[in-house]
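Chemist: Take this structure first; my questions come after.
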Amino acid sequence: MSDQLRASAAGPAEGPAAPYDALLLLSFGGPEGPDDVVPFLENVTRGRGIPRERLKEVGQHYFGFGGVSPINGQNRELLDALRKDFAEHGLDLPVYWGNRNWAPYLNDVMREMAADGRRRIAVLATSAYASYSGCRQYRENLADALALLVEEGTAEAELPKVDKLRHYFNHPGFVQPMIDGVLASLESLPEEVRAGARLAFTTHSIPTAAADASGPVADHTGHGEGGAYVKQHLDVAKVIADAVRAETGTELPWELVYQSRSGAPHIPWLEPDICDHLEALREAGTPAVVMVPIGFVSDHMEVLYDLDTEATAKAAELGLPVARSATVGADPRFAAAVRDLLLERAAAQRGEPVERCALGLLGASHDLCAVGCCPARGPRPAAAGVDSPYA
């Protein structure tokens, strides 16, 4: 198909998703074979000057799984679930997929969408919470991809507009599958330790400075408070723990803990680490633990290695019974939640009243990131926000 025909194929957006004429699933990416591992890690760490030999050492986690990260396969499953849900509900909207660090690369997919005539694109990032790496960096990636289209000759009038869907950490379609996962994990524990189990809600550790700056940061007007990353996780953890108590009749103690630290040792990161936490619980006489990876959408490498391998081995060493509850993955309820988020944002863009689903105390997150939201070390253009250069 010629470029001109492709550009006209999409036509104006119509129906309940209007003005959007496409959904983009935007993710991290991962290697799909041993030869991919070091090049993938070079992409992830670009600009940090990490020697190739060090990357080979870091890549042992991947080599232990045949050099394959499960994240790409899980994104394909989510794509299928989204397309199935859309079709079953009469939503005629194409779904594309692009990654930050591995094929299919975002830049290539953005070219494809522009060639297909897509002009208003809703973006779902596979990160539910506010943080630099989980939100603003994806917005920077989108701005880079749009800038590349301009460099390659796309006219400003033909440049797609992208809108990132709001954080969905507290959407019922994201939370309910995790509640069910905890209940199933409790049932898998030996009956004699079940009632005394503790819940360890886990998420990716990030530098404390980044955690403090996450979300809309306070400015001269007093708007925003920062600290959104931890607050959002704590709010979801409480929702899940309360639901488990209501279902089982037992109030299980819980904590928010962290995993997957990767930074320099002299830089403070969020603590405690899950393995340190398991040691402390065993010393305190805790009879069993359910690890609940609320910070992760799917069972990618940081779940399979850091929890299923490393933390589980630590628990076995301690003689501590553990279970790991399921992530949301391609659960049909999550696919339905994405549809809800899309239609919610579309209605808001059309100026219609919107009811936003959210559990917990924090309420529904913002549509547009504020200026300075989740800042990086240095200023970079970011799309899909108040300060976007591509309005």
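Chemist: Ser133 passes all but one of (1) open to solvent by 40 Å² or more (accessible area, probe 1.4 Å); (2) assigned to a helix (DSSP H, G or I); (3) farther than 22 Å from Ser27 by Cβ; which number fails?
Modeler: With respect to (1) open to solvent by 40 Å² or more (accessible area, probe 1.4 Å); (2) assigned to a helix (DSSP H, G or I); (3) farther than 22 Å from Ser27 by Cβ, Ser133 is out only on (3).
Chemist: Of these, Ala326, Ala311, Ala335, Ala316, which one is at pLDDT 95 or above and within 19 Å of Ser262 (Cα to Cα)?
Modeler: Residue meeting the stated conditions: Ala311.
Chemist: Follow-up question, since we're still on this one. Residues that are open to solvent by less than 50 Å² (accessible area, probe 1.4 Å) and either at pLDDT below 95 or in contact with a Lys or Arg (Cβ under 7 Å, 6 or more places away or on another chain) (or both): list the helices (runs of 4 or more DSSP H) wholly contained in the range 137-200 that include at least 3 such residues. Steps first, please.
Modeler: Numbers: elements: 137-151, 172-188, 191-194.
It comes to 137-151, 172-188.
Chemist: So, one more: With the condition kept exactly as written, say whether any residue in the range 163-178 is within 29 Å of Ala335 (Cβ to Cβ) and polar (S, T, N, Q).
Modeler: Yes: one or more hits.
Chemist: Within the range 330-353, work out how many residues are assigned to a loop (DSSP other than H, G, I, E, B) and surrounded by fewer than 18 Cβ atoms within 10 Å (Cβ to Cβ).
Modeler: Just the residues of the range 330-353 that are assigned to a loop (DSSP other than H, G, I, E, B), to begin with: 330-331, 350-353.
Adding the requirement that they be surrounded by fewer than 18 Cβ atoms within 10 Å (Cβ to Cβ) leaves 350-353.
Total satisfying the criteria: 4.
Chemist: Being over 21 Å from Leu199 (Cα atoms) and touching a Gly at 6+ places or on another chain (Cβ under 7 Å) is the filter here, so list the residues in the range 138-181 that pass it.
Modeler: Result: Arg139, single match.
Chemist: Still on this structure: Out of the helices (runs of 4 or more DSSP H) lying entirely within the range 254-324, which hold 3 or more residues that are open to solvent by 50 Å² or more (accessible area, probe 1.4 Å)? Can you show your working first?
Modeler: Values: elements: 274-283, 301-304, 312-318.
Where helices (runs of 4 or more DSSP H) fall fully within the range 254-324 and carry at least 3 residues being open to solvent by 50 Å² or more (accessible area, probe 1.4 Å), they are 274-283, 312-318.
Chemist: Related question: Any residue in the range 342-359 that is over 10 Å from Ala18 (Cα atoms) sitting within a Cβ distance under 7 Å of a residue that is open to solvent by less than 70 Å² (accessible area, probe 1.4 Å) and among the acidic types (Asp, Glu)? List the pairs, counting only those 6 or more apart or interchain.
Modeler: Ala348/Asp367; Val354/Glu344; Arg356/Glu344; Cys357/Asp340
The values are calculated or read from the model by the stated rules, or taken from the named source; none is laboratory data. Computed from a predicted structure; not experimentally measured. In this analysis, Cβ positions are derived from the backbone assuming ideal geometry, glycine residues included, and neighbour counts consider all displayed protein chains. Just so you know, the surface numbers come from the protein's heavy atoms only, side chains and all, with ligands and any DNA or RNA stripped out. Shrake-Rupley method; radii C 1.70, N 1.55, O 1.52, S 1.80 Å.
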